[in-house]
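Worksheet for the structure shown next.
Bear in mind these aren't lab numbers, they're just calculated from the coordinates by the rules spelled out. Just so it is clear, the structure is predicted and the values come from calculations on it, not from any experiment. Neighbour counts run over all protein chains shown; Cβ positions are idealised from the backbone, glycine included.
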Amino acid sequence: MAQAIRDPSQLSLAEASRAIAAGALSPVALTEAYLKRIAALDGELHSYLLTLPDTALAAAREAETELKSGRSRGPLHGIPIGLKDIYKTKGIRTTAGSRVYETHMPSEDAASWVRLRDAGAILLGKQETHEFAIGGPDFTLPFPPARNPWNTAHYPAGSSSGSAAAVSAHLCAAAMGSDTGGSIRGPAAYCGIVGLKPTYGRISRCGVFPLSYTLDHCGTLTRTVEDCALMMQALAGYDPNDPASADVPVPDYRAALTPRLDRLRIGVIRHFHERDAVAGFGPANAPSATYVAAFDAACHALETLGATLVDLNLSPLVDFADTNRVIMVSEAYALHEHDFRTRPHIFGRHMFARIGLGAFLSAADYVEAIRQRREICVEVAAALAGVDLLVSANATGPAPRIDAVGTYSTFDRASYTAPYNLTGLPALSVPIGFENGLPLAFQIAGRPFDEAGVLRAGHAFEQATEFHRQRPAISASLPSRR
Amino acid sequence: MADPVSPEDFARLLADAGLDPSHDPERFEELRQGTRFLARLKQTVRRPRDRAAEPAHIFVHPRG
């Protein structure tokens, strides 16, 4: 610990929290450490659109004063975080990654940011996002796309690109992202960190720019599952200002974490990557041999921890992915139709091309998609009646080069994350290995509002493996060494 | 993979949607290229189903 505290940015959120509680680490020192790293490394990573050094340090000093006087707000007190720049922050520019809001100063804070701030978290800055959480990586916008800390020539995935890159590179302790088709779990996979898309309705979306009302989820990006549990404790809960918010009791997430998974039944959906990806989306979607081996090894690790694994067969992946796409594109186009008609040039290239397809989907297409959504939800609920959790692939190969990501890549590729947006189930991305020096991941999903069960399995897996302890080379590039 | 719609059909689609390609012809041509995905998307969601098959609902009565 003594060595780690010489560079507190290298601690996990939970480690930093324990050090602060023990009086061994000051929130000011922790905030300064992150700000120094941002100044040294973010010129290459572009993970922040805006940093807030003065207000962050002021908040850190206030936290330190409160803590010294014995007024602790809990585990997040004095912890520096970042927000994807679709979370509104009162009086702080919030762009949604778009020219439409390039100078936008909200008059309100996102409800989730209010919860984190009330829990003592410190805002380091606003993080790069694909335009309106869909259009990226786009070099035609005034905001440079974030890079993957494991190899800056590669894509960090999106749309929560900056948040994932910043967490992975230790430029904040944790971050908030959003996930409509995989925008938290995709970046978590490519950046080698933990990403949670909670149950639909679990975290308030109030004050977060929408992409698709019925698919949007707010969630967390962290370096460990325990860190995720600590963030969730502050974030979860009913918000009457979010029409989709669910009034469901919130358990103690950290208390749910256990080292063993005895008596747990896990359904493994292998056919998504073993059969459906190529059948539905073409041969370019074949998983890499390294990925298949990593996935199998991860499943074996869950068995070693005491879980019983059974193979499940659901509808083909293309049914989940394309139903999600029809709903997303239809809802997003409706949201932006006026700008598409009157000033289409204001959008970046990718946002325009992807959401523009919504102009050609009919009302009947949309209704058929939400009818199919219900059928799929019923099917998955029946499958979950026989198991406690689900496991399925995430991206089935390493991150591509950022210059190889095309305008329609999101339609060409099999989406392994969309099934859990469509069904609204909680889903966690956890690292399971590496290929060519770039991270790989799988997903653990659960029943509605069973984030605790999902986190329990993710934590046990994480503790039994070493993947989360590996760090990108850029994370070791401490400012003092440069 | 299907082909994109023809330029003539695309012009009709744009007119129906109230979109003006003269704003940025290059972008609209890229959008035309994306129409190759529409057939698959529509085919995936348009399946024979019982007339009573309801959509997924998220309707909630607002609290007063």
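Rounded to the nearest 20 debye, what is the charge dipole size of the range A:2-481 about its Cα centre when +1 sits on each Lys and Arg Cβ and -1 on each Asp and Glu Cβ? Kindly include the intermediate steps, with their values, before the conclusion.
Values: 43 positive and 48 negative charges, 150 e Å.
Dipole magnitude for the range A:2-481 comes out near 720 debye.
At a temperature of 37 °C and a viscosity of 0.692 mPa s, determine how fast the range A:1-75 diffuses translationally according to Stokes-Einstein, using the Kirkwood radius over alpha-carbon pairs as Rh; express D in µm²/s, rounded to the nearest whole number. Provide the component values of the computation, followed by the final result.
On the way: Rh = 13.1 Å.
It diffuses with D of about 251 µm²/s by this estimate.
Can you give the alpha-carbon Rg of the range A:328-411 over 2.2 N^0.38 Å, where N counts its residues?
Numbers: Rg = 17.5 Å, N = 84, 2.2 N^0.38 = 11.8 Å.
Normalised Rg, Cα atoms only: 1.48.
When a/c is below 1.5 the answer is rounded, else prolate if a/b is larger than b/c, else oblate, so apply that to chain B with a ≥ b ≥ c taken from the square roots of the Cα gyration tensor eigenvalues. Please list the in-between numbers first.
Numbers: a/c = 3.20, a/b = 1.66, b/c = 1.92.
Cα axes put chain B in the oblate bin.
Which three extents, in whole angstrom, do the alpha-carbon atoms of the range A:214-301 cover along their principal axes, largest first?
Sorted largest first, the three principal extents are 46, 35, 25 Å.
Just want the ordering: A:VAL380, A:VAL225, from fewest to most Cβ atoms lying within 10 Å of their own Cβ.
Details: A:VAL380 25, A:VAL225 28.
Starting with the residue having the fewest Cβ neighbours, the order is A:VAL380, A:VAL225.
Work out the charge dipole of chain A with +1 on the Cβ of Lys and Arg and -1 on the Cβ of Asp and Glu about the Cα centre, then indicate which of A:ILE269, A:ALA29, A:ILE346 is farthest towards its positive end.
A:ALA29
At 27 angstrom or more along the helix axis (alpha-carbon based) and mean Kyte-Doolittle of 0.0 or higher, what helices does chain A contain? Whole DSSP H runs only. Provide the component values of the computation, followed by the final result.
Working: long enough: A:317-342 (36 Å, -0.09); A:363-384 (31 Å, 0.29).
For chain A, where a helix must reach 27 Å along its axis and average at least 0.0, the hits are A:363-384.
Compute the semi-axes of the equivalent ellipsoid of the protein assembly as shown, taking the square root of 5 times each eigenvalue of the Cα gyration tensor, and list them largest first in whole Å. Mind dumping the intermediate values first?
Working: eigenvalues 245, 149, 99 Å².
Result for the protein assembly as shown: semi-axes of 35, 27, 22 Å.
Please figure out what share of the DSSP beta bridges in the protein assembly as shown is antiparallel and state it in percent, rounded to the nearest 5. List each step's numbers first, then the result.
Values: 33 of 48 bridges.
Taking every DSSP beta bridge within the protein assembly as shown, about 70 percent pair in antiparallel fashion.
Computed on alpha carbon atoms, what radius of gyration and Dmax characterise the range A:119-205, expressed in Å?
12.5, 38
Give, as a single signed number, the net charge of other residues whose beta carbon lies under 14 Å from the beta carbon of B:ALA17, with Lys and Arg counted +1 and Asp and Glu -1. Walk me through the numbers on the way to the answer.
Details: positive: A:ARG341, B:ARG12, B:ARG32; negative: A:GLU337, A:ASP339, A:ASP365, B:ASP9, B:ASP16, B:ASP20.
Around B:ALA17, the surrounding residues sum to -3.
Can you give me the C-alpha center-to-center distance between the range A:110-151 and the range A:22-40, rounded to a whole angstrom?
With the range A:110-151 and the range A:22-40 each reduced to a Cα centre, they are spaced 20 Å.
Just the Cα atoms of the range A:238-356, one point each, no solvent: what log10 I(q)/I(0) does Debye give at q = 0.09, 0.12, 0.16, 0.22 Å⁻¹?
-0.51, -0.83, -1.04, -1.13
On the Cα set of the range A:232-272, report Rg and Dmax in Å, please.
15.5, 40
Using +1 at the Cβ of each Lys and Arg and -1 at the Cβ of each Asp and Glu in the protein assembly as shown, identify which of A:LEU389, A:VAL329, A:SER12 lies farthest towards the dipole's positive end.
A:SER12
Taking the Cβ of A:PRO259 as the center, what net charge do the other residues with Cβ under 11 Å away carry, scoring Lys and Arg +1 and Asp and Glu -1? Show your work: numbers first, answer last.
Values: positive: A:ARG260, A:ARG456; negative: A:ASP262, A:GLU462.
Neighbourhood net charge equals 0.
Return the FRET efficiency for the residue pair A:ARG341, B:ARG36: r is the Cβ-Cβ distance, R0 is 25 Å, and the value is rounded to the nearest 0.05. Kindly include the intermediate steps, with their values, before the conclusion.
Values: r = 23 Å, r/R0 = 0.94.
My answer for the efficiency is 0.60.
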